[in-house]
Amino acid sequence: QVQLVESGGGLVQPGGSLRLSCAASGSIFSFNVMAWYRQAPGKERELVASIDRGGSTNYGDSVKGRFTISRDNAKNTMYLQMNGLKPEDTAVYYCRGMVFQLYGNREVWGQGTLVTVSS
């Protein structure tokens, strides 16, 4: 079973940048789709960005133009480059891997990494 571990979170000032990493214990090519989610205190978990095996990406409206999702199959790692960070970006960011199977899908979640945007 492939496991996912996020890293790169921390405290950053508004307008700053962070690069999150999601390292897999195995080949990330086993996941049809990988995605970043985030959850702020008192808020529902929301999709930040997703990327499939072919590199096709989707972004949530709130981060489009500021965040970039990417994956490096050779390094078995997915990334989230976050630029122009805002206080409302403060949340725990989670990595998700999704396997689409014929008789039922499977998913793996990372433990999350905290991003705090504050002056």
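Tabulated data
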{"item": "Rg followed by Dmax, in Å, when the range 22-84 is reduced to its Cα trace", "result": "12.1, 37"}
{"item": "Rel. contact order, % - alpha carbon contacts under 8 angstrom, at least six apart, the chain", "result": "36"}
{"item": "Dipole of the range 1-52 [Lys/Arg +1, Asp/Glu -1 at C-beta], most positive-end residue of Ser50, Asn32, Ser7", "result": "Ser7"}
{"item": "Among Gly54, Gly16, Gly84, residue whose mean-square fluctuation peaks in a GNM of the chain (springs only between Cα atoms under 10 Å)", "result": "Gly54"}
{"item": "Residue-normalised accessible area of the range 38-119, expressed per residue, 1.4 Å probe, Å²", "result": "56"}
{"item": "Highest-MSF residue in the chain out of Gln13, Gln39, Gln101 [GNM, Cα springs under 10 Å]", "result": "Gln101"}
{"item": "Accessible carbon and sulfur surface of the chain relative to its total accessible area, %, 1.4 Å", "result": "49"}
{"item": "Electrostatic dipole magnitude of the range 59-119 [Cβ: Lys, Arg +1; Asp, Glu -1; Cα centre; debye, to 20]", "result": "140"}
{"item": "For the chain: Kirkwood Rh in Å [reciprocal of mean 1/r, alpha carbons]", "result": "14.3"}
{"item": "Residue among Ser21, Ser30, Ser56 with the largest mean-square fluctuation in a Gaussian network model of the chain, springs linking Cα atoms under 10 Å", "result": "Ser56"}
{"item": "5 angstrom amide H check on Val63, placed H, neighbours 5+ away", "result": "none"}
{"item": "Sequence of Tyr37, Tyr103 from largest to smallest accessible area, 1.4 Å probe", "result": "Tyr103, Tyr37"}
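The values are calculated or read from the model by the stated rules, or taken from the named source; none is laboratory data. From a predicted model like this one, the values you see are computed outputs, not experimental measurements. Glycine gets a Cβ as well: all are built from the backbone with ideal geometry, and neighbour counts include every protein chain shown. Heavy atoms of the whole protein, side chains included, go into the accessibility calculation; ligands, DNA and RNA do not. Shrake-Rupley method; radii C 1.70, N 1.55, O 1.52, S 1.80 Å.
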